[in-house]
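Participant: Pasting a structure below so you can have a look.
Since every read-out is calculated from the coordinates, none of them should be taken as a lab result. As the structure is a computational prediction, the values presented were derived from the model and not from experiment. FYI the Cβ positions are ideal-geometry reconstructions off the backbone, even for glycines, and counts take in every protein chain you see.
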Amino acid sequence: MVNPNPVTWPQIASVVLVCVATVAVGAIGLRLSRTTSDFYVASRVVSPRSNAFAICGEYLSAASFLGVAGLILAFGVDILWYPVGYAAGYLVLLALVAAPLRRSGAYTLPDFAEIRLQSQLVRRIASLLVVGIGWLYLLPQFQGAGLALRTVTGAPKWVGALVVALVVLLNVVAGGMRSITIVQAFQFWLKLTAIALPVALLTLAWMADGRPDPGSAGLPVARTTTTVRLPDSVTLTVDRPILVTVHGWVDGRRVDGPVELPQGRVVLRAETQVTLEKGQPVPHVAEIQASTGKAWDAPNSGAGGRDHPLYRLYSLLLALLFGTMGLPHVLVRFYTNPDGRAARRTTLVVIGLLGLFYVFPPFYGAMGRVYGPDLLMTGRTDAVVLLLPERMLPGIWGLLLSALVTAGAFAAFLSTSSGLTVSVAGVLSQDLLRGRFRASVRGFRLGAVIAIGIPTALSLLALRTSIADTVGLAFAVAASTFFPLLALGIWWRRLTRAGAVAGLLAGGTLASGAVTYTIVAGSSHGMLAALLAQPAAWTVPTAFAVMIGVSLATRRTVPASATRIMVRLHAPEALDLDRGDTRTDARRERRGETRNDGRGDGRGEATQALPR
Amino acid sequence: MAARPTAAEPVKPEPIGVRPVEPGPTFRAGTAWMPVRDGGRSARDDVDRLSRNDLSRNDAQRPSRPGERTGRGEAERYRIRGTGRGTRGGPQRVRVTSPRMAATARAPVRTVSREIDEQTGVGEVYLRSLLRAQLRLGLSVIAVLALALGTLPLVFAVIPRLGTVRLFTVPLPWLLVGVSVYPLLFGVAWWHVIAAERAEKDFAAIVESD
């Protein structure tokens, strides 16, 4: 889209403002909390409500803010299940893991693996998975940042990715945003305002415009005479021959002036400029099939060319519902709850807040069908949230709202990638780096550079999946690995080390193989492509089966501490019970008992009470 | 877990036939009686002597007083590699007990928390009842979720006409999936929080009843 409005300073100002505010509050927080213990002490006074604001601030990413609306524009009502899954994942987390996970005392997923199974090997595998899932989730954040900055200012794609990467790196290396609940809470309110406020004004604009129906019969048509400049070379599907004005290259021929695009496929080279007349049907990129308003409006219709819609839908739901608990940046926030009960209440508030937020993005997708169908031509439907305000509201109001949604989008990139970077960098320095980089500040900083550098570089490659789809793949890997580990680890005493290792490897290999194929090859058709694009439906049961089967086969090796850990995970903190942890020592001394470690092999096996 | 002994618990072979009674936490965390107030000795002195392994027997055998405060923070600060277990150079401490055959055995007081701590059959029953109650709750939440979210796409697939119904000009599927699901999620979550807290309260009442 050629920027019809050369005024871009409000958007740039809002981006700068969000970045500066994030760094500034980060720096102030650094002065306030110097030591780890500061953080822990502070964490005890974090109430479930403010903790929930912070969790939502971290969780609402580019996928929620931009991706959902973009997919709805292209594929219609079926995409509504994405935000439902994002929110319902917390319900599963509440039902199965929230309180026990907080009580385990684990700070990260590898910590939980070690506490529960007393195994360094399981810990190591969990660490690798955290890094992989973290990268997969970071990738679309940088992708979205590049897209957002280009959409509103016309800057090259790498600028946005680099800006976000640098701000996050600065923040994390300077002191980490983790401890600063208030920054994350601020980002949540910014995002909620930025998505909700424009909806009210845009609804008025839509009504004033005669309420055009997004689901009206027929193919989407250009509402006004629209000029599009293609950022990349694209293959377009033309449904009906149309006469357009082109400056650039069509099927390898230089064209300057009116030309008829024939029905079928047309290849347009990058930087080609196409002008569509009012009322002309908009050609689509080949990956998105043309769909009439009726198909777009109807559930399970496969609108937009996604075949096997029912399988895709169920598999996606499975990934989102059970993958949330395996996201590295989600779990860490639960540790700041004072106890298991508060962890549950926090989750309840999170579910309420997410439900409030997710009502809004579909509105942008639907309006985009009317006011931005030309995005189907570039394939950059993820930009719809950013473009709509200026398209629907001319003048200063459009400009201001555009600045607001841009600020919200950058808040989404920054908060999610900061949270992920801290988690990934922590795991890298704790478990995967060697020598003087191990578990040191220097190691954490090196970890942060690695954690950000690799996804930033990858995001510059031409990726063929949309933001929300890539995030969905991260969920699929998390659901195929950490969900079985957490569910069985918390509720099934007979889980063994061998079982956990085998299950993690099976789920991890299958899911990440499918994910890699989908990202590299892009979307294609047929059952096999659907199975690979939404792998959770078969990888999650496989991982479960392997984990349970191998555990039963090696039942003699159930860790001796299993029952003690179960007490720790499930008994309320106030009860005076042996939990096999440090508190137990103090408690025994209070009772005047001495501790007899059995064979005393220092493995932290179950302690036996003295015979009395 | 690959043996990664902490400083406090070194792997140490123990002599056969003698059952050592380890000072354990008393010793490890015993810094409360180490510092200055004990006869003007500084904690630093103790640390030095500990590292030389020449703690006098008097010190080593001093029994822990019931109710003695043991500051873990201090224990961490003064903990010394390789000395956590006790007097390595000195004689092994041996537990000496008198069978007191003549006395009538007093029925032991068995509290629920002890049953659980010692992983007896009774303790097992209590723990399992808590686990079962919570798991049942969690699974019912997932069942409700599966029923609500899982059947909706099927209903749309079986009755495609639903897609054409409009409510307040918005097609029904958009309202059902895009809006009405969220209050349902919140309601189920609310119910789970209340029920899980009640289950915990019941368990706590049993454990603390004695």
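Participant: Given just the C-alpha atoms of segment A:229-343, how large is their convex hull per residue in cubic angstrom?
Facilitator: Expressed per residue, the convex hull around the Cα atoms of segment A:229-343 is 183 Å³.
Participant: Taking chain A as the reference, fit the longest principal axis to its C-alpha atoms, fit the long axis of helix A:536-553 to the helix C-alpha atoms, and give the angle between the two in degrees, 0 to 90, nearest 10.
Facilitator: 20
Participant: Towards the positive end of the charge dipole of chain A, with charges on Cβ (+1 Lys, Arg; -1 Asp, Glu), say which of A:Gln120, A:Pro241, A:Trp81 has the farthest Cα.
Facilitator: Working it through, the farthest residue towards the positive pole turns out to be A:Gln120.
Participant: Ok, one more. Classify segment A:53-210 from the C-alpha gyration tensor, please: rounded if a/c falls under 1.5, else prolate or oblate depending on whether a/b exceeds b/c.
Facilitator: It is prolate, given that a/c is not under 1.5 and a/b is the larger ratio.
Participant: Send over the semi-axes of segment A:156-239's equivalent ellipsoid, whole angstrom and largest first, taken as the square roots of 5 times the C-alpha gyration tensor eigenvalues.
Facilitator: 38, 24, 10
Participant: Now a separate question. What list do you get for B:Ile116, B:Ile142 if you sort them by fewest beta carbons within 10 Å?
Facilitator: If I rank by nearby Cβ atoms, fewest first, I get B:Ile142, B:Ile116.
Participant: Rank A:Pro198, A:Thr416, A:Leu433 by how far each Cα sits towards the positive end of the charge dipole of chain A (+1 on Lys, Arg Cβ; -1 on Asp, Glu Cβ) and give me just the farthest.
Facilitator: A:Leu433
Participant: Right, another one. From other protein chains only, count the Cβ atoms within 10 Å of every residue's Cβ in B:146-155, then give the mean.
Facilitator: Mean partner shielding for this stretch: 3.
Participant: How well do other chains shield peptide B:184-193, expressed as the mean number of their Cβ atoms within 10 Å of each residue Cβ?
Facilitator: Mean shielding by partner chains, rounded to a whole number: 6.
Participant: Using only the Cα atoms, work out Rg/Rh for chain A, with Rh taken as the Kirkwood radius, to two decimals.
Facilitator: 1.01
Participant: Put +1 on the Cβ of every Lys and Arg and -1 on every Asp and Glu Cβ in chain A; which of A:Leu331, A:Leu510, A:Ile133 then has its Cα farthest towards the positive end of the dipole?
Facilitator: A:Leu331
Participant: Within 10 Å of each Cβ of A:104-117, how many other protein chain Cβ atoms are there on average?
Facilitator: Average per residue, whole number: 0.
Participant: Also, I was wondering about something else. For segment A:398-509, what's the radius of gyration and Dmax over Cα atoms, in angstrom?
Facilitator: Rg then Dmax for segment A:398-509, in Å: 18.4, 60.
Participant: What's the Cα-based Rg to Rh of segment A:119-190, Rh via Kirkwood?
Facilitator: Dividing the radius of gyration by the Kirkwood radius yields 1.09.
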